[in-house]
Structures are given as C-alpha cells and as structure tokens.
Number of protein chains: 2
Amino acid sequence: FILIFQCYTAQEHPSLILTTKGVAEIRANLGRIPLFDETLASTKSQIDAEILNGIEVPIPKDYSGGYTHERHKKNFLMMQKAGLLYQILNEEKYAKYVKEMLFQYEKMYPTLPLHPQTRSYARGKFFWQALNDSNWLVYTAQAYDCIYNYLTVSERKTLESNLFRPLADFISLENPKFYNRIHNHSTWGNVAVGMIGLVMNDKKLVERALYGMKKDGIKEGEKDNDGGLLKKPGQKAGFFANVDEPFSPDGYFTEGPYYQRYAMYPYMVFAEALQNTRPDLKVFEYKNGVLLKSLITLLNLTDTEGKFFPLNDGQKGMSYYSRELVFSVDAAYLFGEKNTGLLSIAEKQSEVTLDNAGFAVAKAIQEGKATSFIKKSVAYSDGIKGDQGGVGILRSKGSTEEITLVMKYAAQGGSHGHYDKLSFSLYEGGNEILQDYGLARFVNIQQKGGGNYLKENKTWAKQTIAHNTIVQNESSNFEADYETGDQFHSDKYLFDANNPNLQIVSAKESNAFPGTEMHRVLALIKEDDFENPFLLDIIKIKSKTSNQYDLPYYYFGQIMSANFKYETPNILSPLGTKNGYEHLWKIGEGSQPEGNAKVSWFNNDRFISLTSAVSKDDQLIFTKIGANDPDFNLRNDPGFMIRKTNAKDTYFVTALEIHGHYNPVTEIGNNTFSNIKKLDIVYQDDQYIGIKIMTVGGDLSIFLFSFQDADKNSTHNVSIDGKIYSWNGAFTLIK
Amino acid sequence: FILIFQCYTAQEHPSLILTTKGVAEIRANLGRIPLFDETLASTKSQIDAEILNGIEVPIPKDYSGGYTHERHKKNFLMMQKAGLLYQILNEEKYAKYVKEMLFQYEKMYPTLPLHPQTRSYARGKFFWQALNDSNWLVYTAQAYDCIYNYLTVSERKTLESNLFRPLADFISLENPKFYNRIHNHSTWGNVAVGMIGLVMNDKKLVERALYGMKKDGIKEGEKDNDGGLLKKPGQKAGFFANVDEPFSPDGYFTEGPYYQRYAMYPYMVFAEALQNTRPDLKVFEYKNGVLLKSLITLLNLTDTEGKFFPLNDGQKGMSYYSRELVFSVDAAYLFGEKNTGLLSIAEKQSEVTLDNAGFAVAKAIQEGKATSFIKKSVAYSDGIKGDQGGVGILRSKGSTEEITLVMKYAAQGGSHGHYDKLSFSLYEGGNEILQDYGLARFVNIQQKGGGNYLKENKTWAKQTIAHNTIVQNESSNFEADYETGDQFHSDKYLFDANNPNLQIVSAKESNAFPGTEMHRVLALIKEDDFENPFLLDIIKIKSKTSNQYDLPYYYFGQIMSANFKYETPNILSPLGTKNGYEHLWKIGEGSQPEGNAKVSWFNNDRFISLTSAVSKDDQLIFTKIGANDPDFNLRNDPGFMIRKTNAKDTYFVTALEIHGHYNPVTEIGNNTFSNIKKLDIVYQDDQYIGIKIMTVGGDLSIFLFSFQDADKNSTHNVSIDGKIYSWNGAFTLIK
Ligand SMILES: [Ca+2]
Ligand SMILES: [Ca+2]
Ligand SMILES: [Ca+2]
Ligand SMILES: [Mg+2]
Ligand SMILES: [Mg+2]
Ligand SMILES: [Mg+2]
Ligand SMILES: [Mg+2]
C-alpha cells in the first residue's frame, strides 16, 4: 500500500481547483484584474486577522450554532483560503498556518470518540453529523493540496496516516447508511473521500468516491427515520450515481433549489478537481453535461433579486450570493461554454474564487465580456429521465417589476419534499405576493431547536394546506406518507410562453388524493387596461366521491376590502385538528351569493385584488397561521381560503391583480381598485372551460381552454350563448 | 367697499411667496442653479401634461379618496404651480390655464350648495369639509397673485366678487365653529382668508385672518363632538392666536409632528406672505421667533430617515420629504438665520419651491454651503408657556445605526392626542424596535371608511394599552375622557444627555390614574461589552390603593426564546373587554419564579432581548393586536406584557438590548444571545432605587437614581450590602 502511495507522489500540486499553470498565470497578473484583486485583498485581510487571533481547535461538543461547531466550521473555511493565499502570494505564513492547524487536528483525531451529541443517524467526530465532517474534509483536502509541496514527506505521511485516511474511512466504511445512498449527504461524503483521495493520489479512495462501496451492509427494505428506503434494489452508489439520480436531464435537482445550492459545491468542486486530474473521465460531459446545465437551471430558480424559490424545505433569503454559488458560477464559466451571462452574475456577487475559475471570470469581466443573465419563462422536468413532472416558471414584465409565477408539479423531491402538488407562488420582483411558506426551521439559530428542523416543519410546512393548492377533506397529498408520495409525480399538461402577453403553465395530478383528478391552469395575462399582467387560476376537479375542497391563498399584508359579508369570531379556534389545519386560526368567514367574491389587501405600498367565481354555498375563510404553536415557531402570516363542500366535480376560477400604489408621504393612492368587474364561467364540460372576464371599463375577453388536448395543431369549437368560438391549440384569449 | 378695493390695486404682484424682485433674479439665473432648474423642469413637465389633459372642474360629490375630491385637490395644486411657472418662464399658456380654471370655478360657485356629504361639522362647498375648501383657497390665492397682472380689472372683479370673497366669507363668517377656534383646522381657515385678503389687498379680510371674528355666536361651554370645549372663556382667535396656542416656546406643536407637518404649510406660507407684504408685523419674530423654531423642532422629531415619530394621531411613513416640509425648510432658510443645516435637508428632498425661498436654497447649495443637519438628544417643552411637560428624545450612536428613544410626557395634545402618559418608543435607525402604534386610519384610502378615522382609532389607538406604558386596572389615562385629560400634563423630572454614554430622560405623572403616582426613568447606556447602547427602563409606582398594573412592550418580529415556561391557549380570547383590551388576543402566558424574565425576538435580521426584574407572581403575557376587529382595520402586531396584580407601590425594571445579526445567505448568526446575565433591584425606598446589572462576562454595574431630587449639585448616599455609595446629581452608573 505504502509502495503504491509513494509511486504516485510525483503528481503535481496543487491540482484540484488551482493548477501549477493557473498559479503561474495568476501570479503574473496580480494587480491587474480588479475583481480578483479585490477578493484577494479581502481574503488576505480576513486570514491575516485569523492568524493574528491564533488557532483554536476545541474538543467537539456543540450542535450547530454552538461554539465548537462554528469554530470547526470556520477552521476548514479558513484553511482552504489560507492554502490558496499561500499559492497565490507565495508567503510562507499561510502554509504554516494551515500546517499547524492540520497538526492540531492530527493530534486530536486518533483518540477522538464519536461526537457527544447523539441526534444524528450518522454522528461525526468533529461535528455532530458525519455530513459536517465531510464538509470539513472537502475543504481541508484543498488546503492540503495547496501546501502539499511545503510539507516534508514525513509530515505528509503523518497527516495522511493519522488524520486524512482514517477520516475518509470513517465517513465511508464506518458510515455506510450515510455514505452509500442517493442523498445530498452522501454526495458530500463521496466528494470528501474523493478530494482527499485525489490529493493523496489514492486510487482506492477515488474509486470509492466515484462508485461507492460494494459492500455496505444495508438490508433490503431498510428505511431511514423519514420512512424513506435507504436503498432501492440494484441502486448504484457513489458520486456518479449521485449525479445520475437527483438531477433531471434539464438539470433540475429533485430536492429543490435550496438543497441544490448546498449540493452544488461538492458537485462542482469535485468535478473541477476531476477535470484537472482525471480528464479521461470527462466529468463535465457526464449525462449530457448535466452538472453545468444544473447550475444554469439553479440560477433560473431565483426571483429577480437572486433569491431561490423556497420549494420544499428551503430557507427564504438564500440566494445566488451564497459562497456555493460564487464557486459554481465561476466554475461553470471556465469549464462550460464561457457563458458571458454568468459574468454579470459574478459582477453582482462582487467576488470570485481565488482559483483558476475565479481568475478566468475576473479577467473576462475586466475585458468587458459580461452580458446580462436573462431569465426567461421556462419549464424544467423532474426525474432521472425527465418524465416525472417538473417546475414551470412564468416571467412577465410588469409596470415596475417582473411578475414571476412558479408552479410545482414535480416528484416528491426526496426527504425534503413537501406535499404540495400543483401549488404555486407569485412574486413581484423580489416581493412575495402569494407565498410558499418555506420551512419551519431557523438554520444555525441555536435558540430554535439548535437550528435544526422544528416539529412544525412536519406538522405545518410540509403539509398540503401550507401551500397555495387544493386540499381534499382536510388531508394532505398521499396522506403525507413519504413512501407513497415518492412513487408518484404530477404531469405537465402544457407550458407555453411563446406569447409574452398570454403565458400558460398547466399540469395534472391524479394520485395525491386517490380517486380525484386535479387539473390546474395558471396563466399570466397582459392586457392594456391592467397595470400589471394578471393571474388567471383555473382548477378543474373530477372525483369519484363527494368531498370538501379547500383552496388557500397565502398573502402578505392587511385586508383592505371584501365585497361580501363576513363574520369575525370573538374567540379564535383552529380551523381543524390535523394535517396542518391545527395550525391555522380561523379569523373570519363569509359567503358571497352574487357570483364573484372579491378581496383586496395592501402590502408594501401595493394593492392586490383577488376575484373568484364562487357559488353561494362556498365558504370564504380568512386564516392566520399560528395555532397550536407552543414555542412560537411559526410565522403568523395570513391566508384567504375558498372552501367547497359536498363537491364531486367542480372548478375553482380565480383572478389576481397587482395594482396601484400608496405613498405615505404624499398620502396619495392611485389605481387602488380592482379592474375586474366580473369573472364568469361561461362554458364548462369535461373537455373545455370558457371564462369571461369583464373589466370595470366594460372590456370583455373570453379565455378558452381544452383540458384534453394540448396539441398545438388541434382545432377546437365551443358554442357559448349561441355563438360558435373556434381556436387552434389548447387555449385562446378572445377579446 | 369697492372704493377701498380699487385704491389698493397699485400693490405689486406677485408679492406672496414670489416677489417682483425675486422673479427678476430667478429669471436672470435660469439654467445656472441645478436644484432649482431640476424642480422647474419636472414641474413644467407635470403642468404641461395637465394642460394637455384639459381642465376638469366636476360638481362636488365625493369624500376624500373619491374622484371629485381628488380632482379638486389636484386642481388647486396645479393652479399654484402653473402660476409660479407663468412668473418664472413668462409663458402665457400657464396664466391662461389658471385663468380658465378659475373662471370655471367662478361659474360654478354662486349656485353651489353645501357639499352633499354630511359627515363634517363644517361642510365645505368644493369638498366635504370647509377645511379642504380652505386648502383650496390658500393655494389658489397664490395662483391668483401670480396671474393678477395678466387679468383685466374687470376679470379680477368678477373673480373676486363671485368666487374669492364669497368663499372667504363662507369659510369664516358662515362657519364660526370652524374658523374662530384654536385648532389646526382654524389655522387653515385663517390663512385662506388672509392670503386671498393680501392678494385682493382687502384689509378687512386680513384683519379677520390675523385676529379672528369678534362675533362668532359660539356659546359658552359649547363642545365639539370629541367633547372638547369649542372656546375657553376669553380665548382669542385668528392666526396670531393660533400661533400663540399650540406651540410651546420650544416650538413643539401640541398635536404632535404629524399634524404639525400639516399645519406648517399654512403657518409658513402666510408668514412668508406677511413678511413680504406687511413687514411691519414682524411675523417671524412673533413669540420669540416660534415659527422658525418650530420647523427646527419638527425636523428633530424624526427618525434617522426623516420619518416623523407617530405621536398622537400620526400616520406612519410621513416624513420631511412631504411637500409641506419642502416648503417650510426653504422658507425657514431664507427667512431665518440662513441655517446651512437646512440645506442638507433640502438636498435630500431633492426639490425646492419655485419661489424666492427655494431659489435662495438652491443657490446656496450650488455655492457649496450645505452642512449636515445634526439631530441631538433634546427635550422639548409642551404648553403655551412651556410648563406642560413635553417630549424627550435620546439619540445614541449604535454599532450600525443610531439608537433613538422618544419619551412622551406632554399635555393631552388636543383632539388628536392619545392617552399615552409616560409612553415611549425605540428605534434603530429608521426601524421601529418598540413601536408607537400610530393611528387607526388609512388616509385617503377610500376602501377604509373613506380614508377617515376608523372606529378603532378611538377604541384602540388612542387608548393607554396601545402604548408602551403603564395601564392601571385595565383602564386608560383619565378614563380616556378628553375634557379631563386636557386639564393635565405630565412633568419632566430630568433630562440629561451630557454624557453620551449615559443619557437619561425621566418624568412623572400624577393625574392620569387619580391616587397613583408614576415616575418613569429611561436611560440609554453605552458600555464596551454591549454591541449597542441598551435601554434601562425603570417605573416607580406609588398608589393609595391596590391595583393591577400592566406594562406592555409592542415589538415587531418573532419570538426566538423565553427563559420561562409559558402556555399557549388552544382557543384565543381577547385579553379584556374594554379600553382597548378587547382588541388584544392573549396568545400566551407564563411566569418566572427565578427573578429575571427574559424574552428574545428576531426582526429584520436583528435580535432583541428584553430582561425584566419580575416577581414570581407577575404574569408574563404574550399578545397580538386584532381581536374584535370586524373590518380588519388593525395591524396584527405582537406585544409582551408584564402584569402585576394587587400591587400598591411597586417597580417595573426592564433592560432591552438590540444585538446580533443573522445573514440568510451565509446562514451565520453572530451575537445572538443577550449579554445581560442578571438584572436586580438592589436598593429601593421612596427616595432611591439601585439596579445591579451583571453581564454574561461577569461585569457588574450599579445604576443609582434619586426620585426626589433632580438637582445636579446634590449629593446622595445609599448603603447596599453594607457598602456606602455616594454620588452627585440625580443619578450615577458605578462600574
Ligand atoms: Ca429521509
Ligand atoms: Ca375635537
Ligand atoms: Ca453578546
Ligand atoms: Mg413548501
Ligand atoms: Mg413516471
Ligand atoms: Mg399613540
Ligand atoms: Mg401646568
């Protein structure tokens, strides 16, 4: 073994994200490439301060948020940066800092027991989770690569024998349920082992990273604590298997953008390292270049401010300004097709990585090559083969900002998935108009359950009622059973954004509530006499049984008016007892016998009006999140719900306008009223629906839609009030 | 009468806010003074568009927010600007526009009945309130002044006989209860009559404006619909009386900054017009120059973003960017002592008035004379003689923004006053940390009660419980009786901001709850190991009877942690049945037997921790505003309340820290925990209190305060745990 090890030490260092050629080019250009120089200066000042502060390698003790956790996390981030500084600035103090810290870890490791905190299914050594130990090794491998030639052969041997190889084995051999799965945790594990394997030129470790372990002792049918199968029969493991599985051919990551962001770093850093050391693997071409594609997809899964749509378990506020995305954008530029749109994202990030990729980006920016990164309306498929539904995004130019609609009709999304079939959210620029709640967790905030998932994530955030979609009989999709949900997905019916004034996404769901078919159509319609594109939301429900259907809309702001009578209770009770309903206060209820229920609210100086075609029996319910929340873990956001009871086949038809403005300094409000006078279903049968929209100014338009034939070339006819309407393709808007 | 009128027509025009000399200077400098030129260009484009749009003078019909109201309001604003443009640009089209609009009003006026909307005690003709008709005349008088010489003698006579004089008489002679009072409404009426009187050179009208009407038919003891006396015996009326009364010698306007902003315009515009036409009156020197002083005071009653503190009935968001303040800042510069700090406010406003004052300001800015407007910690007296309590503002430099505390210990504040004795609010920069609720009204938003005061303004916003102050037995100060409250005021005990690290405001209140004396001390304390100055809040209560005392703190954000057990009810009930308590949901309750109750919450990426010295019998109550709110008129903001029952003499002692930061992109929180380990009352008797503060790091400090001797030169001694502490002046902080 030692023989093999030694015969590979001739390999060049650094070789992972910096190469000797890259270092030479960077050194030759110091002081000439502003964005690189700025990042270098700020990194230098950060590391210089850390060096001054001294090294701290405490005995592991805390959960995330606690001192030892945060210190060890900081350590690997600092070591990686110090390593880069050593290469770029050629100043010994940086190498020395890394070396000394590594030897403190080396000294501690051999006698270190499992981390004392016991909540994880795969506890680590430095951290409470093996996952975090993997993070540590991914970064530390890079630091080691940078100071490799600074160390003596004997020093390397000490570090490798006492620290790196044992840790790599611990992560993999000793934690098969963590390491040998398809899961973002496993990806980190694989990459940790792979990165250190590359630096050590240890082919066995690299093989284990790429293809997993042959033997893992996982029993068939064994499940994790969320009820998910640890491993499907015949399931491959390792890095490539983890590229295969969670990404669709479009580069959509089934867990959603928040976790894709987290996963991007190990995927990209290892791909980059492999490309530099094992170009024979052609990693960036793997699965039709899905890694590079996925980065572009991820950038498209953001609002106009770069914040990720909080699909599934996603913490709001996370954005393409995160360090993982700084790294991935730079890597995707250098290793992809030199997409100049990425340069403008890098400009906004106002930093680059201190490596070959970051240098290439900064240099291209300095050469004026940056162009806008244009986000278009787009549909992304989900599923390994792209046949498991997906996510559709409509983007339409508004009066002041883009109106963005995100519809989710994807697969379950793994253990972080939500039971949110056919749900959607709506934005005006970076402001949420209709929100996806996100998760019930305060990442790294120790006061809130140590920063971990809160009970309410399961009881509220994952439940169907927490989303802007249909709930049948106060239950959740698949009765919130993960194993069941994991077997199904919704299906895209159509996505058409060819006409910027009439963009549509539509999808169907047949499994979430067995016996019930749901078909939703979401359209952004731009008409001259509307200030902004308005949303038309149509849901067709067909069921074998009579049910109660609830359609909530979660908004922000304060109710300004309603065109119907409602009662507000003197005593507030929860709306229900389970499946998330126990977390909703019912704060008002009314009904509207006259055909259209209209509610307007005010938020961020904006008015929003919702108009829904209702029957007199529909209950119109105002809600507020926060019941049965003993630790105040939930945000107390409001909702408006349309409830139909004893319905078998039915329709929900709703329009939503964003309009007007109020200036608290001039105290002038403009366009503060809805522009929709009437919204009617003028045609309905199993094949078609016709919606008539009449504006306050008296303009009429009729939206016609075919539920059974999405073919662009089909011709359709319906007769409404004795008049025949004909159109081509699944839909039309007749003025 | 006509004779008198004619013999004064030789007077120069314009002469109100533009003078012939001023016009000449402005014309000679066009294109050379950027801020003036910019304002001119944008005003020109606005008026050109209006001219193109055509004149609309509809038959009056609507309340504010409705079409006819907003149109007539726009008309007077446009006429005033068009008049100025005519003078400055010397283009006839502007004069023609004003003339044609005036003749449309002239044609309509003689047969116009009272406005059809009947809610006002003094209905207008063009508007539902005579107040708005007065607004109209104040602005229109200026337009008339500008085109005076463009009109023929006969045209003038027609306008004056059929429109201006009848309207001036209507506002005054026909509406004595509106016109002949001390009230911001009356000021507008006085100034309307005065401005048109000055243009018409009608001495009778000017006299009526300055000194009111001798006969008004108001009966002794007659009250308005808020229960306020219309007129005290011997009360003077008219403009000067309205300068005398609401302003304290410090320039504090008793109704508060929101209404002062509204009132500033008529005060300043008439003062300016008088200074230009009747310099003999020395209006700017009146009452020791209170008008100019009041503008400086008003600017100081803002947060760091220029937003007014929402004392009494104040709508949040109103700021020194309002048109009234643009006008007043410019006027105060020209007619005051050329305060160059005002120039930097004008720069922020980025516009000036198109008159002598605005030109002077823009010119001085161009000459580089602007300096920062520095807001210091300051106490302002209330009351005509300055002996009716006041408002104290503490400003202390924080880690990122200024920490600003506003304590109110003033008189009732007229009909717009709140029952908020000894209340305070706290800001970090422009963010509210502990809020004053403001009003329950959506000014000019028709959906909400036509934009008028909502029922909840009286039932919630004015009540004591809506404020961060003591409530006794679930009642309000003076049982919320205006007449009673109007007779009393709190008293300043001390205000000391000499030491920037230990700033204190303290005041007493003896009448709000008869038989109970309340003495509050609010200190901003800056210590090295605290990220920001922290607040120390001490309330000493001494009563003849046993009572329940509630001290609520209204915050924003989400509870992160509490160091005591609390229960959250399954069903929410209002906290009480009256005096505002009926609007609070009780969302949680607990108690803390260990001496210190600590609650932390998170808002705007900031952590805030409240630590209070409590007894085991104190109830710790979490609330949310919004019960008994059938029209969703209230904001659902949270509160934390400390309740002491069966207490006679007692103390509330609380510290509040603003600390830490959470970045949702890095997901790193820093300094997320309170730095106060323990807060103890270590000494208490009728004269003194001693508070010991121990930090997490073990630092000790003792705050000592004398409740009975605020003299700076007095010496005090107390013995605590056998140790004698001596200090000079009312307070000290011993480390
Ligand atoms: Ca799982
Ligand atoms: Ca009144
Ligand atoms: Ca601290
Ligand atoms: Mg969700
Ligand atoms: Mg399938
Ligand atoms: Mg108030
Ligand atoms: Mg007095």
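Each value in this text was obtained by applying a stated rule to the coordinates, not by laboratory testing. Source: prediction; values computed, not measured. FYI the Cβ positions are ideal-geometry reconstructions off the backbone, even for glycines, and counts take in every protein chain you see.
Placing a label point 7 Å from Cα along the Cα-to-Cβ direction at A:Gln619 gives distances to the equivalent points in the other copies of 3.1 nm, listed shortest first.
Could you list which residues have their amide H under 5 Å from that of B:Gly588, counting only those 5 or more apart in sequence or on another chain, with H placed in the peptide plane? Excluding prolines and chain starts, which carry no amide H, the hits are B:Phe622. For segment B:378-734, list log₁₀ I(q)/I(0) at each q in 0.12, 0.13 Å⁻¹, using the Debye formula over Cα point scatterers of equal strength and ignoring solvent, two decimals each. Log10 I(q)/I(0), no solvent term: -0.88, -1.05. Rg then Dmax, both in Å and based on the Cα atoms of segment B:638-708: 16.7, 52. When both segment B:501-565 and segment A:688-730 are represented by their alpha-carbon centers, they are found 65 Å apart. Compute the signed sum of charges (Lys and Arg +1, Asp and Glu -1) over the other residues within less than 14 Å, Cβ to Cβ, of B:Tyr67. Net charge around B:Tyr67: +1. Here segment A:420-531 is treated as a Stokes sphere of Kirkwood radius computed over C-alpha pairs; at 25 °C and 0.890 mPa s its diffusion coefficient rounds to 150 µm²/s. Compute the signed sum of charges (Lys and Arg +1, Asp and Glu -1) over the other residues within less than 12 Å, Cβ to Cβ, of A:Phe103. Residues near A:Phe103 contribute +1 overall.
Angle of helix B:340-349 to the longest C-alpha principal axis of chain B, folded into 0 to 90 degrees and rounded to 10: 80°. Distance from the alpha carbon centroid of segment A:390-440 to that of segment B:585-608 works out to 33 angstrom. The share of C-alpha pairs in segment A:583-667 whose separation exceeds 17 Å stands at 60 percent. Peptides A:249-259, B:647-657, B:145-155, ordered by how many other C-beta atoms sit within 10 Å of their residues on average, highest first, read A:249-259, B:647-657, B:145-155.
Order of A:724-730, A:360-366 by packing, highest average Cβ count within 10 Å first?
On the way: A:724-730: 15.0, A:360-366: 22.4.
With the highest mean Cβ count within 10 Å placed first, the list reads A:360-366, A:724-730.
Net charge of the neighbourhood of A:Asp528, taken over other residues with C-beta under 11 Å away and scored Lys/Arg +1, Asp/Glu -1, is -2. Taken about its Cα centre, segment B:605-735 carries a charge dipole of roughly 240 debye when the Cβ of each Lys and Arg holds +1 and the Cβ of each Asp and Glu holds -1.
From the mean inverse distance of alpha carbon pairs (Kirkwood) and the Cα radius of gyration, derive Rg over Rh for chain A. Mind dumping the intermediate values first?
Values: Rg = 27.7 Å, Rh = 27.5 Å.
Here Rg/Rh amounts to 1.01.
Sorted from longest to shortest, the spans of the Cα atoms of segment A:480-532 along the three principal axes equal 47, 19, 18 Å. Helix A:130-147 and the longest principal axis of the Cα set of chain A meet at an angle near 50°. Normalised by the number of residues in chain A, the average gap of Cα pairs under 8 Å and 6 or more apart makes the relative contact order 8 percent. Take B:Glu594, move 7 Å from Cα toward the beta carbon, and the resulting point lies 5.9 nm from the same point in each other copy, nearest first.
Taking the Cα centre of segment B:325-479 as the origin, how large is its charge dipole in debye, to the nearest 20, when only Lys and Arg (+1) and Asp and Glu (-1) carry charge on their Cβ atoms? Walk me through the numbers before you get to the answer.
Values: 16 positive and 17 negative charges, 20 e Å.
So the magnitude is around 100 debye.
Of the cross-linked pairs B:Lys421/B:Lys458; B:Lys385/B:Lys492; B:Lys338/B:Lys376; B:Lys81/B:Lys203; B:Lys624/B:Lys644; A:Lys203/A:Lys287, those separated by over 21 Å at the C-alpha level are B:Lys81/B:Lys203; A:Lys203/A:Lys287.
Sorted from closest to farthest, the other copies place their B:Asp37 label points 3.6 nm away, with each point set 7 Å from Cα along Cα→Cβ. The mean count of C-beta atoms from other chains within 10 Å of the C-beta of residues in A:632-644, rounded to a whole number, is 2. In straight-distance terms, cross-link reach from A:Lys219 covers every one of the lysines whose alpha-carbon lies under 21 Å from its own, apart from those fewer than eight places away in the same chain; here that gives A:Lys177, A:Lys231, A:Lys232, A:Lys236. The mean number of partner chain beta-carbon atoms within 10 angstrom of a residue's beta-carbon across peptide A:654-667 is 3. Would you please classify the overall shape of segment B:64-109 from the alpha carbon gyration tensor, given that a ≥ b ≥ c denote the square roots of the eigenvalues, rounded means a/c under 1.5, and beyond that prolate means a/b larger than b/c while oblate covers the rest? Oblate shape, in that a/c is at least 1.5 and b/c is the bigger or equal ratio.
Hey, what did segment A:55-212 get for relative contact order, percent, Cα under 8 Å, at least 6 apart? Could you put the intermediate results ahead of the total?
Values: 234 pairs, mean separation 33.9, N = 158.
Relative contact order, segment A:55-212: 21 percent.
Compute and list, largest first, the equivalent-ellipsoid semi-axes of segment A:97-141 from the alpha carbon gyration tensor, each √(5λ) rounded to a whole angstrom. Taking √(5λ) for each eigenvalue gives 21, 13, 6 Å, largest first.
Across peptide B:441-447, the average count of Cβ atoms from other chains found within 10 Å of a residue's Cβ is 6. Using bins of 10 Å that start at zero, the share of Cα-Cα pairs per bin across segment B:246-375 amounts to 13, 47, 34, 6, in whole %.
The convex hull around the C-alpha trace of the protein assembly as shown, projected and averaged over every direction, spans 59.3 square nanometres. For the rotation carrying A onto B, the chain A residue whose Cβ lies nearest the axis, with the distance in whole Å, reads A:Leu572, 2. Using alpha carbons only, the radius of gyration of segment A:55-212 set against its Kirkwood radius gives Rg/Rh = 0.95. The helix-based estimate of mean residue ellipticity at 222 nm for the protein assembly as shown, built from -39,500 (n - 2.57) per DSSP H run of four or more residues and divided by its residue count, is -9500 deg cm²/dmol to the nearest 500.
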